[in-house]
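In what follows, a structure is listed as structure tokens, so that the remarks can point back to it.
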Amino acid sequence: MIAVCNTSPISSLIQIGHLALLEKLFTELWIPPEVDLELNEGVDFLGDWHAAPGAASIRTRPVQNQALLRDLSGRVHLGEAAAITLTTELHDAVLVIDDSSGRRIAEALGLRYTGTVGLLLASKRAGHVARIAPLLEDLRLRARFWISDDVLRHALELAGE
């Protein structure tokens, strides 16, 4: 399965030391240059993201549909707009995005999408992690990733934890 990632899931997985889960879940991983730039700008808290375990499997690909990119960048941040646009250009790709505005746009465009919590659930189902509870806690504490108590409870229920 092909995935296009936005900045937040990559950054969050790096911060909890589990970026390599992406290459276990997807056969191809793409980011647009705009996401690469955002990740590079996070060097103060991520370090060189390219050196993180699992980063080597992520490839950069520019978007072609500049009109859609311009339209979407008026509604969400440029990285999100570029990730959504790139997903529309790749056959049968899934968008990995956490931003609710970006998810609404993806849904309106008929795109499949998931987020960081969804990746952790998929990783448990595939047997790549034994438990997601400690990873969700790491997301909250180490990555300062906001997860509502309801979403946390639901994710743990789905994971059987």
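Could you give me D for the chain, from Stokes-Einstein at 25 °C and 0.890 mPa s, where the hydrodynamic radius is the Kirkwood radius over C-alpha pairs? Units µm² s⁻¹, please. Provide the component values of the computation, followed by the final result.
Working: Rh = 15.8 Å.
In µm²/s, the coefficient rounds to 155.
For the chain, find the longest principal axis of its Cα atoms and tell me its angle to the long axis of helix 78-89, 0 to 90°, nearest 10.
80
Using Cα-only point scatterers and the Debye equation, what is log10 of I(q)/I(0) for the range 4-86 at each q in 0.16, 0.24, 0.25 Å⁻¹, rounded to two decimals?
The computed values of log10 I(q)/I(0) come out as -0.57, -1.12, -1.19.
Suppose we keep just the alpha-carbon trace of the range 92-133; what are its Rg and Dmax in angstrom?
In order Rg, Dmax, the Cα atoms of the range 92-133 give 11.9, 34 Å.
Where Lys and Arg each count +1 and Asp and Glu each count -1, what net charge lies around L90 among other residues with Cβ under 14 Å from its Cβ? Provide the component values of the computation, followed by the final result.
Values: positive: R59, R61, R112; negative: E28, E89, D92.
Spelling it out: positives minus negatives among the neighbours equals 0.
Do any trypsin sites (Lys or Arg not before Pro) in the range 127-161 lie in a DSSP loop with no more than 14 other beta carbon atoms within 10 Å, and if so, which? Don't skip to the end; give the middle numbers.
On the way: sites: R131, R140, R142, R144, R153; in loops: R131, R142, R144.
Hits after loop and neighbour filter: R131, R142, R144.
Let me spell out the model: positive unit charges on the Cβ of Lys and Arg, negative unit charges on the Cβ of Asp and Glu, origin at the Cα centre of the chain. What dipole size does that give, in debye rounded to 20? Could you put the intermediate results ahead of the total?
Details: 15 positive and 21 negative charges, 64 e Å.
Dipole about the Cα centre, nearest 20: 300 debye.
As I understand it, the dipole of the range 2-159 uses +1 on the Cβ of Lys and Arg and -1 on the Cβ of Asp and Glu, about the Cα centre. Which of L111, H128, L37 lies farthest toward its positive end?
Of the listed residues, the answer is H128.
All of the numbers you see were taken from the coordinates with simple rules; none came from a lab. Being a predicted model, the structure only gives us computed values, none of them experimental. Backbone-built Cβ (ideal geometry, glycine too); neighbour counts: all protein chains shown.
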